[in-house]
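Peer 1: Shown below is the structure under consideration.
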Amino acid sequence: MNPPAAAPRVALLTVLAMLAFASNSILCRLALTSTTIDAASFTAIRLVSGALILVAILRLRGVSPTSGGSWPMAAMLSAYAAFFSFAYRDLTAATGALLLFGAVQFTMTGYGLWRGERFHGLRLTGLIVAAAGLVGLLLPGLAAPPIAAAIMMLLAGAAWGVYSLLGRSAGEPIAATGGNFLRSVPFAALLILSTFGRVDSDFMGALYAALSGAVTSGLGYVLWYAALPALRATSAATIQLSVPAIAAIGGAMLLAEPVTLRLLLASAAILGGIALVINKKD
């Protein structure tokens with residue numbers, strides 16, 4: 001159990017980390033809707049900015065930036081960041097965050113099932129409810145998100161799920177994250193080269209991308225990994241359920257994005273179902 005004096009610090013670190021993770025959705029959506037930056041440029045600047053801040057942090061700690069991480073993890077990180085940005089051209093902050101989070105959890109749960117883990121009782125019920133919520137969100141209709149953008153966000157979540165699974169054996173988290181962001185820079189360069197002639201940006205767009213990379217991604221991960229040792233595994237997973245909700249509130253307040261009944265019902269089903277899967281042990 002944590003000493004009483006440590007509890008406020010852990011709580012503050014946790015809140016700041018969740019706000020940072022949700023802000024990635026808001027910053028990306030804000031950049032792509034209110035500036036001239038394109039999705040490829042946003043992705044590249046985000047990855048490079050994240051690499052710079054994490055390399056600086058590792059250097060200050062006397063750790064080699066290439067001491068952690070791997071090329072497969074960097075490839076998954078880059079795929080996540082690219083699909084994330086391209087999907088947010090047509091998704092609201094709330095819908096994108098919900099699809100992303102759902103896809104991450106389904107990827108990791110699917111891996112567990114493939115490895116022989118079996119769900120029963122409330123865990124199985126939660127998995128079915130969450131899947132039904134995801135299907136309900138994507139069914140054709142007036143309030144359904146654009147299918148191409150939705151698929152790209154689901155791919156972003158799948159990439160992040162694989163990244164998380166690879167990260168279980170990656171060693172010290174901050175060193176691994178820094179090494180992965182550094183290795184993602186060549187992938188960012190390839191993305192820019194593949195869209196050469198169609199890239200665009202302005203000062204505010206580049207600023208939003210840099211904030212997303214350096215602050216809400218790079219520093220956000222540092223805050224989260226600082227709080228994580230003091231949290232139980234189930235508590236840490238459950239706390240992350242707040243990210244889509246924070247993104248929805250931010251999108252509504254800062255971007256005037258609508259929160260539809262379909263989104264509310266799907267959120268309740270997906271997040272509630274995942275909460276059962278995470279917390280109920282048969």
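Peer 1: Does region 139-159 contain any residue that is in contact with an Asp or Glu (Cβ under 9 Å, 6 or more places away or on another chain), closer than 20 Å to residue 35 by Cα and surrounded by fewer than 21 Cβ atoms within 10 Å (Cβ to Cβ)?
Peer 2: Yes, the conditions are met somewhere in region 139-159.
Peer 1: May I pose another question? For residue 189, only one of the following conditions fails: (1) modelled with pLDDT under 90; (2) surrounded by fewer than 15 Cβ atoms within 10 Å (Cβ to Cβ). What is its number?
Peer 2: Answer for residue 189: the failing condition is (1).
Peer 1: Are any of the residues in region 126-133 of a type outside the set (Ser, Thr, Tyr) and surrounded by fewer than 16 Cβ atoms within 10 Å (Cβ to Cβ)?
Peer 2: yes
Peer 1: Now for a different question. Identify all residues within region 76-93 that are over 14 Å from residue 32 (Cβ atoms), aliphatic (A, V, I, L, M) and touching a Ser or Thr at 6+ places or on another chain (Cβ under 8 Å); write none if there are none.
Peer 2: Of everything in region 76-93, just one residue is over 14 Å from residue 32 (Cβ atoms), aliphatic (A, V, I, L, M) and touching a Ser or Thr at 6+ places or on another chain (Cβ under 8 Å), namely 77.
Peer 1: Taking region 65-75 only, how many residues are of a type outside the set (A, V, I, L, M, F, W, C) and either in contact with a Ser or Thr (Cβ under 9 Å, 6 or more places away or on another chain) or assigned to a helix (DSSP H, G or I) (or both)?
Peer 2: Within region 65-75, residues that are of a type outside the set (A, V, I, L, M, F, W, C) and either in contact with a Ser or Thr (Cβ under 9 Å, 6 or more places away or on another chain) or assigned to a helix (DSSP H, G or I) (or both) number 3.
Peer 1: Do you know which residues across region 199-209 are in contact (Cβ under 8 Å) with a residue 40 or more places away in the chain and out of contact with any Phe, Trp or Tyr (no Cβ under 6 Å at 6 or more places or on another chain)?
Peer 2: 199, 200, 201, 202, 204, 205, 206, 208
Peer 1: Sticking with this one: Looking at region 40-64 only, could you name the residues that are free of Cβ contacts under 8 Å to residues at least 12 places away in the same chain and assigned to a helix (DSSP H, G or I)?
Peer 2: 56, 59, 60
Peer 1: So, in region 50-73, how many residues would count as being buried (at least 22 other Cβ atoms within 10 Å of the Cβ) and under 21 Å from residue 193 (Cβ atoms)?
Peer 2: Adding up the residues that qualify gives 2.
Peer 1: Taking region 82-92 on its own, how many of its residues are in a helix (DSSP H, G or I) and modelled with pLDDT under 90?
Peer 2: 0
Peer 1: Is it the case, given these coordinates, that residue 116 is without any contact (Cβ under 8 Å) to a residue 12 or more places away in the chain, out of contact with any Pro (no Cβ under 6 Å at 6 or more places or on another chain) and assigned to a loop (DSSP other than H, G, I, E, B)?
Peer 2: Against the criterion (without any contact (Cβ under 8 Å) to a residue 12 or more places away in the chain, out of contact with any Pro (no Cβ under 6 Å at 6 or more places or on another chain) and assigned to a loop (DSSP other than H, G, I, E, B)), residue 116 qualifies.
Peer 1: Go through region 65-100 and give me each residue that's polar (S, T, N, Q) and free of Cβ contacts under 8 Å to residues at least 60 places away in the same chain.
Peer 2: If the condition is that a residue be polar (S, T, N, Q) and free of Cβ contacts under 8 Å to residues at least 60 places away in the same chain, then 85 is the only one that fits.
Peer 1: Given (1) in a helix (DSSP H, G or I); (2) touching a Ser or Thr at 6+ places or on another chain (Cβ under 8 Å); (3) not aromatic (Phe, Trp, Tyr), where does residue 37 come up short, assuming only one miss?
Peer 2: Going through the list (1) in a helix (DSSP H, G or I); (2) touching a Ser or Thr at 6+ places or on another chain (Cβ under 8 Å); (3) not aromatic (Phe, Trp, Tyr), residue 37 breaks only (1).
Peer 1: Which one of these is within 17 Å of residue 154 (Cβ to Cβ) and more than 17 Å from the chain's Cα centre (by Cα): 88, 111, 80?
Peer 2: The match here is 111.
Peer 1: So residue 196 passes all but one of these: (1) free of Cβ contacts under 8 Å to residues at least 12 places away in the same chain; (2) surrounded by 15 or more Cβ atoms within 10 Å (Cβ to Cβ); (3) of a type in the set (A, V, I, L, M, F, W, C); (4) closer than 30 Å to residue 51 by Cα. Which condition number does it fail?
Peer 2: Among (1) free of Cβ contacts under 8 Å to residues at least 12 places away in the same chain; (2) surrounded by 15 or more Cβ atoms within 10 Å (Cβ to Cβ); (3) of a type in the set (A, V, I, L, M, F, W, C); (4) closer than 30 Å to residue 51 by Cα, the lone unmet condition for residue 196 is (2).
Peer 1: Go through (1) surrounded by 21 or more Cβ atoms within 10 Å (Cβ to Cβ); (2) of a type in the set (A, V, I, L, M); (3) more than 16 Å from the chain's Cα centre (by Cα); (4) at pLDDT below 90 one by one and return the number of the condition residue 31 breaks.
Peer 2: (4)
Peer 1: Being among the β-branched types (Val, Ile, Thr) and under 21 Å from residue 214 (Cα atoms) is the requirement here; does residue 66 meet it?
Peer 2: Yes; evaluated as a whole, the condition is true for this residue.
The values are calculated or read from the model by the stated rules, or taken from the named source; none is laboratory data. Predicted model only: the values in this text are computed from it and were never measured. Cβ atoms come from the backbone with ideal geometry, glycine included; neighbour counts cover every protein chain shown.
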